[in-house]
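The values are calculated or read from the model by the stated rules, or taken from the named source; none is laboratory data. Everything quoted here is computed from the prediction, not taken from an experiment. Positions of Cβ are generated from backbone atoms using ideal geometry, with glycine treated the same way; all protein chains shown enter the neighbour counts. Just the protein is used for accessible areas: all its heavy atoms, side chains included, with ligands, DNA and RNA removed. Shrake-Rupley method; radii C 1.70, N 1.55, O 1.52, S 1.80 Å.
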Amino acid sequence: MNSSDFLRFVRARSSVREYSGEPLEEEDIDYILACASAAPSAGNREGWDVVVVTDDDVRLELASAALEQVHVREAPAVFVVCANYVRSMSHYGERGILYALEDATIACTYMMLAAHARSLHSCWTGAFEEDEVREVLGLPQHLRPVALLAVGKGTPPLEPMERMPIEEHLHRETW
């Protein structure tokens, strides 16, 4: 893949909120997780963990925790990506909190791109009641749920989302 192919690939990915309900193959889940495990992390501490949820009842509870966002219920799999503070803080102290959050978001981004590479669709969901997600999944206190990544075969938007010009984000040397 050359750089033009990569840019087309990245631009073709979009957040999808409508899913067919067709179950994910175990090999798709394994591929997504293998790609996440290749993500860079602070000091190679891999300060993230993921709970893969395919059970209908648990996804329903997650959708409730996610402010009734339907795509969390309808996607056949939800990857709950968590920051593992202990793993990062054991090496970096207080700064490890930030690094664990960064590690989790990078891993989640790799998961989205992996799903796209498998011709699957995804939607990163950050709006949820953290304590409810924690309770539904029985998460230990040293894990913080950062994202609910809905994954499945879906219906992408007909038109790509309009993006801000890069100049709106860009500053060179100083602000």
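Taking first residues from region 1-28 that are over 16 Å from Arg163 (Cβ atoms) and partners that are surrounded by fewer than 12 Cβ atoms within 10 Å (Cβ to Cβ) and basic (Lys, Arg), no Cβ contact under 9 Å between residues at least 6 apart in sequence or on separate chains turns up.
Taken over region 65-76, residues that are among the charged types (D, E, K, R) and either surrounded by 22 or more Cβ atoms within 10 Å (Cβ to Cβ) or farther than 19 Å from Leu24 by Cβ (or both) amount to 1. Any chance region 57-64 includes a residue that's without any contact (Cβ under 8 Å) to a residue 60 or more places away in the chain, surrounded by fewer than 20 Cβ atoms within 10 Å (Cβ to Cβ) and not basic (Lys, Arg)? Yes, region 57-64 contains a residue that is without any contact (Cβ under 8 Å) to a residue 60 or more places away in the chain, surrounded by fewer than 20 Cβ atoms within 10 Å (Cβ to Cβ) and not basic (Lys, Arg). Select from region 1-18 the residues that are in a helix (DSSP H, G or I) and open to solvent by 80 Å² or more (accessible area, probe 1.4 Å) and list them in ascending order. The answer is Ser3, Phe6, Leu7, Arg8, Arg11. Inspection of region 124-132 identifies at least one residue that is surrounded by fewer than 11 Cβ atoms within 10 Å (Cβ to Cβ), touching a residue at least 40 places away in the same chain (Cβ under 8 Å) and in a loop (DSSP other than H, G, I, E, B). Thr109 meets all of the listed conditions (1) more than 16 Å from the chain's Cα centre (by Cα); (2) of a type outside the set (Gly, Ala, Ser); (3) surrounded by fewer than 18 Cβ atoms within 10 Å (Cβ to Cβ); (4) part of a helix (DSSP H, G or I) but one, namely (1).
Would you check if Val86 is surrounded by 24 or more Cβ atoms within 10 Å (Cβ to Cβ) and either in contact with a Phe, Trp or Tyr (Cβ under 9 Å, 6 or more places away or on another chain) or not in a strand (DSSP E or B) (or both)? Spelling it out, it is not the case that Val86 is surrounded by 24 or more Cβ atoms within 10 Å (Cβ to Cβ) and either in contact with a Phe, Trp or Tyr (Cβ under 9 Å, 6 or more places away or on another chain) or not in a strand (DSSP E or B) (or both).
Among the residues of region 134-157, is there at least one that is open to solvent by 20 Å² or more (accessible area, probe 1.4 Å) and in contact with a Gly (Cβ under 7 Å, 6 or more places away or on another chain)? No: region 134-157 contains no residue that is open to solvent by 20 Å² or more (accessible area, probe 1.4 Å) and in contact with a Gly (Cβ under 7 Å, 6 or more places away or on another chain). In region 19-47, the qualifying residues are those that are open to solvent by less than 30 Å² (accessible area, probe 1.4 Å) and among the hydrophobic types (A, V, I, L, M, F, W, C), and the one that is nearest to Ile106 (Cα to Cα) is Ala39.
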